[in-house]
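So the structure is just underneath, and the comments pick up after that.
The values are calculated or read from the model by the stated rules, or taken from the named source; none is laboratory data. For clarity, every value in this text was computed on a predicted model and none was experimentally measured. Cβ atoms come from the backbone with ideal geometry, glycine included; neighbour counts cover every protein chain shown. These area figures cover heavy atoms from the full protein model, side chains too; ligands, DNA and RNA do not enter into them. Shrake-Rupley method; radii C 1.70, N 1.55, O 1.52, S 1.80 Å.
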Amino acid sequence: MSGMSERSGTSERSGIPGEGLVKGLAVTLKTMTRRSTTQQYPDVAPELPPRSRGVIALLEENCTVCMLCARECPDWCIYIDSHKEEMAVPGAARPRQRNVLDRFDIDFSLCMYCGICIEVCPFDALYWSPEFEYAEYDIKDLLHDKEHLGEWMGTVPPPPAHDPNGEPAKEVSVAARKAASPAARPAVPPAGEGEGGA
């Protein structure tokens, strides 16, 4: 009995035959009367969000070859080679060693643009550039070397301004705390002391 009542209830709710078709055509007609907002991409540049992810740029002088970006990359698309050089430091007993970057390649045919490499870089050597027009006819040309990655640095936008109501940078707050601590203030002798006494 309940099955019969359910079927009869649905037939009553369906209403006029073809009502759904009319509603669909109404949406189509309403859309047809609106002005098109399609951007003609090759002729008109798209308006991208300010921090959009396009290509990864490399600031080579900041790279210390710590390999964090290559180790954390889930796609293993970053290839780094380096060698050690000795440099004499004035006043030091022996020369110091530093890493010199020989190769820094990113294979954009493998990259999934997660941004982990940029986040983990402790020395701000990697940046997002909003440039996205670097398609190639050959997939092998999507392997960008350090010179090619360095060319993208000119397109990296400046960082956004700090929020005046936001939390200050850690360095600023630590410096303010040190300046406010009593140990940082010079000791001032009480009045009357330090003068040629009675």
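A few remarks follow.
Every residue, every condition in (1) exposed (fewer than 10 other Cβ atoms within 10 Å of the Cβ); (2) without any contact (Cβ under 8 Å) to a residue 60 or more places away in the chain, yes or no:
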{"position": "PRO49", "(1), (2)": "yes, yes"}
{"position": "ALA57", "(1), (2)": "no, no"}
{"position": "CYS63", "(1), (2)": "no, no"}
{"position": "CYS66", "(1), (2)": "no, yes"}
{"position": "ALA93", "(1), (2)": "yes, yes"}
{"position": "ASP105", "(1), (2)": "no, yes"}
{"position": "ILE116", "(1), (2)": "no, yes"}
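- Every residue from the range 102-114 that is in a strand (DSSP E or B) and within 23 Å of the chain's Cα centre (by Cα): ARG103, PHE104, ASP105, ILE106, ASP107
- Lone qualifier among SER8, SER36 - being at pLDDT below 85 and within 35 Å of the chain's Cα centre (by Cα): SER36
- Positions within the range 118-142 being open to solvent by less than 70 Å² (accessible area, probe 1.4 Å), of a type in the set (A, V, I, L, M, F, W, C) and more than 15 Å from CYS69 (Cβ to Cβ), in sequence order: LEU142
- Index of the failed condition, CYS117 passing every other in (1) in a loop (DSSP other than H, G, I, E, B); (2) under 22 Å from GLU72 (Cα atoms); (3) not basic (Lys, Arg): (1)
- Put simply, of ARG51, ARG71 the only residue that is at pLDDT below 85 and farther than 19 Å from ASP145 by Cβ is ARG51.
- The lone exception for PRO42 - which of (1) more than 17 Å from ASP145 (Cα to Cα); (2) assigned to a loop (DSSP other than H, G, I, E, B); (3) under 20 Å from the mean Cα position of the chain (by Cα) it fails: (3)
- Criterion violated by ASP43 - all others in (1) under 26 Å from THR155 (Cα atoms); (2) touching a residue at least 12 places away in the same chain (Cβ under 8 Å); (3) open to solvent by 60 Å² or more (accessible area, probe 1.4 Å); (4) not polar (S, T, N, Q) satisfied: (2)
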